[in-house]
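**Student:** Please find one structure pasted underneath; my questions will follow.
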Amino acid sequence: MLIDQLKKIVGSKGWTTDPAELESYVTEWRGQVRGATPIVVAPADTGEVAAIVRLCAAQDVAIVPQGGNTGMCAGAVPDDSGNQVVLSLSRMNCIRNVDAVNFSMEVEAGCILEKIQKAAKKFDRYFALSLGAEGSCQIGGNLATNAGGVNVLRYGTARAQVLGLEVVLADGTIIDSLRSLRKDTAGYDLKQLFIGSEGTLGIITAATLKLFPDPGEMSTALLALRSSGDAVRLLAHLQSALPNGIEAFELVSDFVFGLVKKHIPNSTMPFSESAPWYVLLETATGGEPEILENILASAVDAVLIIDAVIAKNSSEAARLWRLRHSISEAERAEGASLKHDISVPISAMEEFLRRGDELITRLAPNGQLVAFGHVGDGNLHYNVILPTEMNDGAQLTDAIYALATELGGSFSAEHGIGQTKRDYLTRYRSQAEVELMRTLKRAIDPGNILNPGKVI
Ligand code: FAD
Ligand code: MLT
Ligand code: ZN
């Protein structure tokens, strides 16, 4: 019996079938998609992962790899058949080594992102991936979704932070490509296949990550703006004033910060007057705030910002970041919203915002725009709370995705596809691209046991 054999592989600490405990594993973060599973297994090491895969492959049983289950496309939860096994990487959470001289570190997939950041800091190094879920998402999930976050502008997405991977394939084969080299052109770059594949091509069990010198003191400021268009112009202004010095540039509408003040305790804005838009800016100015003060003064002169508050110390900076990173929770507390994680070339951002607003006015007249995100990378969370009289936003979602695509953008910037965006993949990617993805999936997981029903 499969369940007994699985229990034998992982031992008494490595499984649960308790319905109360299963609940958090079968429900995605927003609570909108719920599946079922007979067992969650949590292997202790790569060998156990391989043994689980071999067993499930032999009995044609699907496996759903799961990290922190913070994904936004229900990619980590099983379907409702009750026949899929959830494989949690949570117990594989050891930091294997930090090689400060080589600016690299080797970690297991179940390491929580925040733990990795802190471990690097102890060696005076910087692990550059940072996102609001960093307290619970795991590096395996970050790599499987090619997560973005707030530092992409300067360091790139999760994909850019990886030197090597260890992966278990659909037949239990262990691929050890954990080399910590910045240069290695020996054949195909296999790790790139698995990064962003959302558990459908292989189970990531460990990674060798790229580290940077610690950028030292940051200067953090919250800026008040008249329009979202000014944010695009401000970005260009700041980039020429501080080339390669902008760590993060997060745009947030006043309505969105209003949701944070409404739902998140102890959330206060540092301005006495409200403004239509805000930018949370983080710059690597070595803790010399006067550099930032002068640059922001020039932005006021250029009529790009109305006002600015520069954090005087790290706790003031943390308070500003808490406002930003609480948005998803506040949006969830406010109720269901249509989430559109789109990206467009930055030069098209203003047109997207203008025409997107027209779409909302036409297709969801009393809808409320929830707009925020990583404008520095052309990525906006352009979400809409539908008016009560509207319970279907499909037409609006399609129009927003079509607009982003028309402007040369993507309908999924950083959250991936999971199960909630599969149909859009076939609609907004060419047939040739989708066919090639299917060929890869058939070649690498011919039995379709790795996270079936996700992505492709
Ligand atoms: P899970 O949700 O557990 O899994 C995600 C996908 O990866 C699933 O398909 C799963 O099957 C697969 N998977 C998980 N682990 C493995 C593994 N070891 N091997 C193979 N496949 C695996 N995302 C961003 O990109 N940028 C943001 O700024 C951002 N901010 C967020 C803020 C909040 C408050 C929340 C709740 C989410 C946010 N997210 C963001 C979404 C989410 O945190 C990311 O997608 C994250 O990378 C998911 O990590 P996880 O460990 O929770 O993965
Ligand atoms: C964020 O930038 O906060 C996330 O991507 C989460 C979200 O879109 O809710
Ligand atoms: Zn985001």
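The values are calculated or read from the model by the stated rules, or taken from the named source; none is laboratory data. Keep in mind the model is a prediction, meaning the values are calculated, not measured. Using ideal geometry, Cβ is built from the backbone for each residue, glycine included, and neighbour counts are taken over all protein chains shown. The protein model used for the area step is the full one, side chains on, heavy atoms only, and it has no ligands, DNA or RNA in it. Shrake-Rupley method; radii C 1.70, N 1.55, O 1.52, S 1.80 Å.
**Student:** Across 20 Å bins from the origin, how do the percents of Cα pairs in the chain run, short distances first?
**Tutor:** All Cα pairs considered, the percentages come to 24, 56, 20, 0.
**Student:** Turning to a different aspect of this structure: How tilted is helix 113-122 with respect to the longest principal axis of the chain? Cα atoms for both, answer in degrees (0 to 90, nearest 10).
**Tutor:** The angle comes out at about 70 degrees.
**Student:** If you take the Cα Rg of segment 265-395 and divide it by 2.2 N^0.38 Å, with N the number of residues, what do you get? Can you show the working numbers first?
**Tutor:** Numbers: Rg = 17.1 Å, N = 131, 2.2 N^0.38 = 14.0 Å.
Ratio of Cα Rg to 2.2 N^0.38 Å: 1.22.
**Student:** Using Cα pairs closer than 8 Å and at least 6 residues apart in sequence, work out the relative contact order for segment 256-401, in percent. Please report the intermediate quantities before stating the final value.
**Tutor:** Numbers: 135 pairs, mean separation 35.8, N = 146.
Value for segment 256-401: 25 percent.
**Student:** Can you give me the long-range amide H partners of residue 177? Hydrogens built in the peptide plane at 1.01 Å from N, cutoff under 5 Å, separation of 5 or more residues or another chain.
**Tutor:** When sequence neighbours closer than 5 places are left aside, the close amide H contacts are 165, 166, 167.
**Student:** While we're looking at this one, here's another question. For the Cα atoms of the chain, what angle does the longest principal axis make with the long axis of helix 314-325, in degrees from 0 to 90, nearest 10?
**Tutor:** Approximately 70 degrees, to the nearest 10.
**Student:** If you roll a 1.4 Å probe over the heavy atoms of the protein chains, what accessible area per residue do you get for the chain, in Å²? Show your work: numbers first, answer last.
**Tutor:** Details: 19230 Å² over 456 residues.
Ligands and nucleic acids excluded, the result is 42 Å² per residue.
**Student:** Additional query: Take the alpha-carbon centre of segment 280-334, take the same for segment 381-427, and report the distance between them in whole Å.
**Tutor:** 29 Å
**Student:** Under the rule of at least 5 residues apart or a separate chain, name every residue whose amide H is placed under 5 Å from the amide H of residue 104.
**Tutor:** Residues meeting the criterion, in which the H sits 1.01 Å from N, are 99, 211.
**Student:** For segment 14-156, build the convex hull from the C-alpha positions and give me its volume per residue in Å³.
**Tutor:** On the way: hull volume 16.8 nm³, N = 143.
Hull volume over Cα atoms, normalised by residue count, gives 118 Å³.
**Student:** Could you give the nm distance between label points at residue 122 and residue 181, where each point is 7 Å from its Cα heading toward the beta carbon?
**Tutor:** Computed distance between label sites residue 122 and residue 181 equals 3.0 nm.
**Student:** Here's another thing I want to ask about it. Calculate the radius of gyration of the Cα atoms of segment 188-245 to one decimal place, then report Dmax, the largest Cα-Cα distance, as a whole number, both in Å.
**Tutor:** Cα radius of gyration and Dmax of segment 188-245 are 19.0, 49 Å respectively.
**Student:** Mind listing the phi-derived Karplus ³J(HN,Hα) values for segment 30-43, rounded to whole Hz, using 6.51, -1.76 and 1.60 with θ = phi - 60°, and x for any glycine or proline?
**Tutor:** Result, rounded to whole Hz: 7, x, 9, 10, 9, x, 8, 8, x, 7, 10, 10, 10, x.
**Student:** Next question, about the same structure. Hey, could you grab the Kirkwood Rh for segment 308-456? Inverse mean 1/r over distinct alpha carbon pairs, Å, one decimal. Let's see the in-between values first.
**Tutor:** Values: mean 1/r = 0.0576 Å⁻¹.
Hydrodynamic radius (Kirkwood, Cα only) of segment 308-456 equals 17.4 Å.
**Student:** Carbon and sulfur together cover what percent of the accessible area of the chain at a 1.4 Å probe radius? Numbers along the way, then the final one.
**Tutor:** Numbers: 9890 of 19230 Å².
Carbon plus sulfur share of accessible area: 51 percent.
**Student:** So what does log10 I(q)/I(0) come out to for segment 205-324 at q = 0.17, 0.22 Å⁻¹, using the Debye formula with one equal point on every Cα and no solvent?
**Tutor:** The computed values of log10 I(q)/I(0) come out as -0.85, -1.29.
**Student:** Further question: Angle check, please: helix 394-406 long axis (alpha carbons) against the longest principal axis of the chain (alpha carbons), in degrees 0 to 90, nearest 10.
**Tutor:** It is inclined by approximately 80 degrees.
**Student:** What are the ³J(HN,Hα) values, in whole Hz, obtained from phi via the Karplus relation 6.51 cos²θ - 1.76 cosθ + 1.60 with θ = phi - 60°, for each residue of segment 171-181 in sequence order, with x given for Gly and Pro?
**Tutor:** The phi angles translate into 10, x, 5, 9, 9, 9, 10, 7, 4, 10, 9 Hz.
**Student:** Tell me, what is the FRET efficiency for residue 100 and residue 389 to the nearest 0.05, using R0 = 41 angstrom and their Cβ-Cβ distance as r? Please list the in-between numbers first.
**Tutor:** Numbers: r = 59 Å, r/R0 = 1.44.
The formula returns an efficiency of 0.10 here.
**Student:** If R₀ is 56 angstrom, what is the calculated FRET efficiency for the pair residue 273 and residue 427, using the beta carbon separation as r and rounding to 0.05? List each step's numbers first, then the result.
**Tutor:** On the way: r = 44 Å, r/R0 = 0.78.
The computed FRET efficiency comes out at 0.80.
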